[in-house]
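The values are calculated or read from the model by the stated rules, or taken from the named source; none is laboratory data. Please read all numbers here as calculations on a predicted model, not as lab measurements. Here the Cβ positions follow ideal geometry from the backbone for every residue, glycine too, while neighbour counts run over all protein chains shown.
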Amino acid sequence: MMRREIRWLCKVAAAGMFTLTVACNDDEQHDDPPLPQEDGEAEETGVEPDRSYPLTGENIEEKGQTPYRPLAVVISNARDARPLSGLGEADIVYEVLTEGAVTRFVALYHSEQPERIGPVRSAREYFIDIAQGYDAMFIAHGWSPGSERRLQAGEIDHLNGMEEDEPIFIRDAERSAPHNSYISFTDVIEGLKSMGFPIEREIDPLFIEETPLEGEMAADVTITYRDVSTAGYNYDEVDGHYLRTSDGTPMHDAETGEALTADNVLIAEAAHEVVDDEGRRSIELDAGGRALLLQDGEMRELQWENDGGRILPTDGEEIAPLKEGATWINIVPSLDQVTIDS
């Protein structure tokens, strides 16, 4: 069982305690079934239920509870696709290479439900692996041959723009294909529901703890995929977030105009191998390896491990805690591609 499941089950076991009432009289005892709870009636256990979103640790009261499983959406990072829509509302964002030096995002949505997300792009097999680690419903427009086989085999609950069209996948006439396919959280949920997929299920929380990271100063971090393709994180001391850049340009959400930010940045080194003439890759996401964790303007050298399908930081003995907020995870062929300025 995963470490976080052990911690979480302890909470659940405590929250699930109940008092058994036995009705008695002078002559006999009756094990009558308990009366049904009235609407809104809560069992008094003395244990406060956890009131935070499982993937960010943020207080549920600020936004309201959501019953849905996460959505994992493949989003373009091509220059022609920017600015992107809805990426700033993702709880977790993975950035992974596809072909050449081009990266795509796998954005996981749970606490927020954006009305416009995209441009949505095609699936790769390792994108499916990432989504499965969060019991997420997988959304893409297009596929590689390997990912098509897995999706058609029903390995994951999904919607794909190659099978579905409007009103789920909307083409924006002002954008050029293939960077013009957009979705909304609400429409996708309705589409998944109509397909008979289970859309509501509790998910395991991340290990989130407000423990200051002790490490080296890391104010500006650059990942170089190629000279013309970079990802950057610049620490903002005023707001306490890392500001995201692509190819040296600050990223903003197309819908809100707000800067894209991260509270945790995990950079994980994983073996990449080109597997066909198109430049498609196989990425080793099971073996673990070296990693860098950035929080609050500081960096710590750690390891990463695949914990139930999730790429998480570890000190070699236990999972390193994340801080409350959004997490961005970059999967790179080598940490030598990372430059850190204090």
Review point. Residues in region 187-239 that are without any contact (Cβ under 8 Å) to a residue 24 or more places away in the chain and either more than 21 Å from Thr327 (Cβ to Cβ) or of a type in the set (A, V, I, L, M, F, W, C) (or both): how many?
Key: 7
Review point. Out of all the residues in region 294-342, which are among the small types (Gly, Ala, Ser) and more than 22 Å from Tyr126 (Cα to Cα)?
Key: Gly297, Gly316, Ala320, Gly325, Ser342
Exercise for review: Filter region 114-127 for residues that are crowded, with 24+ Cβ neighbours inside 10 Å, in contact with a Phe, Trp or Tyr (Cβ under 7 Å, 6 or more places away or on another chain) and closer than 22 Å to Ile311 by Cα and give the result.
Suggested key: Ala123
Study note, to complete from the structure: Selection from region 124-168 of residues of a type in the set (Gly, Ala, Ser) and under 15 Å from Val275 (Cβ atoms) yields Ser144, Gly146, Ser147
Revision key, fill the gap. Across region 266-275, the tally of residues that are among the small types (Gly, Ala, Ser) and surrounded by fewer than 14 Cβ atoms within 10 Å (Cβ to Cβ) stands at 1
Practice item. For region 109-154, enumerate the residues that are in contact with a Ser or Thr (Cβ under 9 Å, 6 or more places away or on another chain) and among the hydrophobic types (A, V, I, L, M, F, W, C). Key: Ile117, Val120, Ala123, Phe127, Ile128, Ala140, Trp143
Study note, to complete from the structure: Reported set for region 163-188 where residues are in a loop (DSSP other than H, G, I, E, B) and exposed (fewer than 15 other Cβ atoms within 10 Å of the Cβ) is Glu163, Asp165, Glu166, Pro167, Ala173, Glu174, Ser176, Ala177
Exercise for review: Please go through region 151-177 and pick out each residue that is within 15 Å of Arg116 (Cα to Cα), in contact with a Gly (Cβ under 7 Å, 6 or more places away or on another chain) and without any contact (Cβ under 8 Å) to a residue 40 or more places away in the chain.
Suggested key: Ile168
Study note, to complete from the structure: The residue from Val106, Val102 that alone is surrounded by 24 or more Cβ atoms within 10 Å (Cβ to Cβ), out of contact with any Leu (no Cβ under 9 Å at 6 or more places or on another chain) and not assigned by TED's automatic domain parsing to the domain that holds Ser229 is Val106
Study note, to complete from the structure: For region 189-234 the number of residues that are at pLDDT 95 or above, surrounded by 13 or more Cβ atoms within 10 Å (Cβ to Cβ), over 22 Å from the mean Cα position of the chain (by Cα) and among the polar types (S, T, N, Q) is 1
Review point. Among the candidates Leu312, Leu285, Leu335, which residue alone is within 30 Å of Arg51 (Cβ to Cβ) and either touching a residue at least 60 places away in the same chain (Cβ under 8 Å) or in contact with a strand residue (DSSP E or B) (Cβ under 7 Å, 6 or more places away or on another chain) (or both)?
Key: Leu312
Practice item. Mind listing just one residue for me: the one in region 235-265 that is in contact with a Ser or Thr (Cβ under 9 Å, 6 or more places away or on another chain) and of a type in the set (D, E, K, R) and, of those, surrounded by the fewest Cβ atoms within 10 Å (Cβ to Cβ)? Key: Asp239
Check your understanding: Only one of (1) assigned to a strand (DSSP E or B); (2) more than 22 Å from Arg310 (Cα to Cα); (3) among the hydrophobic types (A, V, I, L, M, F, W, C) is not met by Ala254, so which one is it?
Key -> (1)
